[in-house]
Amino acid sequence: MDSARDGLNAGEWRALGSAGPAKEAAARGPSPRRLSSARLHINARPASLAQERDRAREIVGMAKDTVTETFADIRFGRKIQAANLAPIVSAIAASVARSPTALPSVTRIKLHDEYTYLHSVAVCGLMLALGNELRLGAELTQEIGLAGLLHDIGKARIDADLLNKPGPLDLDEYARVQAHTLRGYELLRDSGIDSEIALDVCLHHHERIDGSGYPSGISQETLSIHARMAAVCDVFDAVTSNRSYKRSWSPGAALDWMMGTTGHFDPRVLRAFRSLLGVFPVGALVLLESQRLAVVVDEPADSPATPDVAVFLCAATGRDLVPQRVSTRSDPIVGLEVAAKWGLADFEPSRAQLLDDFGPA
């Protein structure tokens, strides 16, 4: 994947694919009258994961419309209306406070022509959940959520055909796409957005802790906690999102890769992010009490701690098993595992096949 588009290097781009914003929206977004507290579920009580996902779908629908409208404002030379975004951030914050994983699971499926808008909503939700996990305080976390919602606003001024290009970028294209961080910073400043966090995240969400990112090449000692949070949330949503031309990674596979990188993400922030996603995300490699290795293939809404898995290997003997889906309610999970520990070379195709065969329809 191209780092100018999703925070990864050129080799990772070739392996995973591109991301880009939608074509110009023909219709305007919602008027503020539609954004009532009741429809946004801001004051809703905690509920089951299934119920929260239903609420999240409604919140995400209105959030996408509002973000689409914001991008259209920029394209037509209008300023960002921050007042229209505040209720959306509050609704997303309320949802992730009730369940950190419900809204991200809803935004994971993105159509080609809505990617950038839903990516902005997803990063907002992940930033809010991560702020809660890091115990940064409600007011600060709310501002971090707004920063997540606006982090890619600079892409509104970059040609959609370039951002949607399915292959690697040449040097000129790369430079033009990289400019979205600077353009976004300028757009926020010119619109009167005075949040230092929003400006910082927009400018620096593609930086890396080893100084190899852009646009400034600053390292961990200089990077704010908010920019380091954005780097994690931005890449995770990019690689776990469905694309029209490239298969997405499961959350478990994405976390395995992110945890295995060096120099890209702040380890402390990444550990907190790992915790908020739950113990056993879909795609995770686990060891069962029966000494069988398995991949998590589904997260039951009523019991996230006991997911269904697909077993494929006897850990005691190293013998391949006929894959089958089993419930961990009857064969509990002992712990998370790493493929390399078990000599599972080139494990990703096998993981993907198990998810295809035994995951949700």
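The values are calculated or read from the model by the stated rules, or taken from the named source; none is laboratory data. Predicted model only: the values in this text are computed from it and were never measured. Cβ placement follows ideal geometry from the backbone for every residue including glycine, while neighbour counts extend to all protein chains displayed. Accessible surface is based on the protein model in full, side chains and every heavy atom, while ligands, DNA and RNA are left aside. Shrake-Rupley method; radii C 1.70, N 1.55, O 1.52, S 1.80 Å.
Tabulated data for the structure shown
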| read-out | value |
| --- | --- |
| Centre separation in Å (Cα based) which lies between segment 196-229 and segment 88-156 | 18 Å |
| Rounded accessible area per residue of the chain, 1.4 Å, Å² | 42 Å² |
| Residue 284 long-range amide H proximity, modeled H, under 5 Å | 252, 296 |
| Lys pairs under 23 Å by Cα in the chain, provided they are eight or more residues apart or on distinct chains | 18 |
| On Cα atoms only, tilt of 115-133 relative to the major axis of the chain in degrees | 70 degrees |
| Accessible surface of segment 284-358, 1.4 Å probe, proportion on carbon and sulfur as whole % | 53 percent |
| Unit charges on C-beta of K, R, D, E only; dipole of the chain, Debye | 700 debye |
| Cα extents of segment 13-247 along the three principal axes, largest first (Å) | 50, 42, 38 |
| Heavy-atom accessible area ranking, 1.4 Å probe, most first, across 76, 358 | 76, 358 |
| Most positive-pole-ward Cα, 195, 213, 175, against dipole of the chain from beta carbon charges | 195 |
| Relative counts (whole %) of C-alpha pair distances in segment 215-361, using bins that are 5 Å wide | 2, 9, 18, 20, 18, 14, 9, 5, 3, 1, 0 |
| Residue 113 - accessible surface, heavy atoms, 1.4 Å probe, Å² rounded to 10 | 90 Å² |
| Pairwise FRET efficiency - residue 212 versus residue 78, Cβ, R0 = 41 Å, nearest 0.05 | 0.70 |
| Share of Cα-Cα pairs in segment 64-203 lying beyond 21 Å, as whole percent | 41 percent |
| Relative packing of 315-325, 44-54, which averages over residues the other C-beta atoms within 10 Å, highest first | 44-54, 315-325 |
| GNM flexibility winner over the chain from 266, 210, 152 (Cα, springs under 10 Å) | 210 |
| The chain: relative contact order as a whole-number percent, Cα under 8 Å and 6+ apart | 14 percent |
| Globularity ratio of segment 312-354, using Cα Rg and 2.2 N^0.38 Å | 1.22 |
| Solvent-accessible ranking of 259, 127, largest area first, probe 1.4 Å | 259, 127 |
| Ratio of the Cα radius of gyration of segment 274-361 to 2.2 N^0.38 Å, where N counts its residues | 0.99 |
| Packing-based ranking, highest mean first, of 140-148, 163-171 given that Cβ atoms within 10 Å are counted | 140-148, 163-171 |
| Test item: Cα-centred dipole of segment 49-150, Lys/Arg +1 and Asp/Glu -1 on Cβ, debye | 100 debye |
| For residue 292, distant residues with modelled amide H under 5 Å away | 315 |
| Carbon and sulfur %, accessible surface of segment 78-177 computed with the full protein complex present, 1.4 Å | 55 percent |
| Most to least packed among 84-93, 329-338 [average Cβ atoms within 10 Å] | 84-93, 329-338 |
| Nearest 10 degrees, 0 to 90: helix 267-276 Cα axis against the chain principal axis | 70 degrees |
